[in-house]
Amino acid sequence: MPGQEDSSRALRVLWGAEGAAARGPRPRQSLPQVAEAAVRLADAHGLESVTLANVARELGMTTSAIYRYVDSKDVLVELMVDRAVGEPPTLTAATWQGSAREWAGALRERYRRHPWLAQVTPSGPPRVPNPIGWIAGLVEALSSEPGIDGMRVALLLDALVRSYSAVSRASQSAPPPEWLTGALSARFPVLTSGMHRDWSDPDEELAFALDVVLAGLAAP
């Protein structure tokens, strides 16, 4: 059974800390090609469709052969996130608040292209280059602003984008039945006015959340 060392090897290859060659015949695919195949499956059929067997089939190889590249779905998902998020944007805004908004907007666009990203639950700090590059880019953009912890801001904005992207994904499903709306109004009348508001634009709600967060950070 492949172990932790095999998982680490996939990450080392991604970081360029180890060559892609493994024992045996020369690999037919590269690690980025494996990740890209998994991303295609998730884009077309959802994250639940991504298994090592399905990715192997997508690449025209046997399931056993895929273990030459990656040994578990958890590591495969990390590689997929790296591929789907892509390289970080170049931030050009004149203010730190503008940089934060630009960063969050660019990340939201990646989630829009790949809705399954909102289903990926982080289990710890990122271990792949591109998500770390996004954090580093915002930290650098905020580094000259006194009293602003760029790392904390990056993690907070990442969580906001993830949450509202998940709401966006859920809002595409069927609306709640009328009886439930009535039951909620009867039990929680304080929420009645809000229930009739149009909540169908998660991007508007994300913008509101960014306004609140950035105003709080700017407050003396």
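Considering V75, V81, V39, the condition of being among the hydrophobic types (A, V, I, L, M, F, W, C), under 16 Å from the mean Cα position of the chain (by Cα) and within 21 Å of A154 (Cβ to Cβ) is satisfied by V81 alone. Look through the range 169-220, keep the residues that are of a type in the set (V, I, T) and either touching a Gly at 6+ places or on another chain (Cβ under 9 Å) or modelled with pLDDT of 85 or more (or both), and return whichever of them is surrounded by the fewest Cβ atoms within 10 Å (Cβ to Cβ). Checking each candidate, the answer is V212. Is there a residue being open to solvent by 30 Å² or more (accessible area, probe 1.4 Å), within 30 Å of L214 (Cβ to Cβ) and of a type in the set (K, R) anywhere in the range 44-59? Scanning the range 44-59, I find no residue that is open to solvent by 30 Å² or more (accessible area, probe 1.4 Å), within 30 Å of L214 (Cβ to Cβ) and of a type in the set (K, R), so the answer is no. Is it true that P122 is under 15 Å from L47 (Cβ atoms) and modelled with pLDDT under 95? Yes; evaluated as a whole, the condition is true for this residue. The residue that is modelled with the lowest pLDDT, among those in the range 60-73 that are open to solvent by less than 50 Å² (accessible area, probe 1.4 Å) and of a type outside the set (S, T, Y), is D71. When we screen E87, E18, E36 for residues that are outside any helix (DSSP H, G or I) and modelled with pLDDT of 95 or more, the only hit is E87.
Within the range 128-142, the presence of at least one residue that is farther than 15 Å from A35 by Cβ and either open to solvent by 80 Å² or more (accessible area, probe 1.4 Å) or without any contact (Cβ under 8 Å) to a residue 12 or more places away in the chain (or both) is confirmed. Do we find that L117 is hydrophobic (A, V, I, L, M, F, W, C), open to solvent by less than 50 Å² (accessible area, probe 1.4 Å), in contact (Cβ under 8 Å) with a residue 40 or more places away in the chain and over 24 Å from R83 (Cβ atoms) in this structure? The answer is no for L117. The test for being open to solvent by less than 60 Å² (accessible area, probe 1.4 Å) and over 21 Å from L157 (Cα atoms) does not hold for L91. On inspection, S123 qualifies as open to solvent by 40 Å² or more (accessible area, probe 1.4 Å), of a type in the set (S, T, Y) and not in a helix (DSSP H, G or I).
The values are calculated or read from the model by the stated rules, or taken from the named source; none is laboratory data. Being a predicted model, the structure only gives us computed values, none of them experimental. Ideal geometry is used to build each Cβ from the backbone, glycine not excepted, and the neighbour counts take in all protein chains shown. Ligands, DNA and RNA are excluded from the accessible area calculation, which covers all protein heavy atoms including side chains. Shrake-Rupley method; radii C 1.70, N 1.55, O 1.52, S 1.80 Å.
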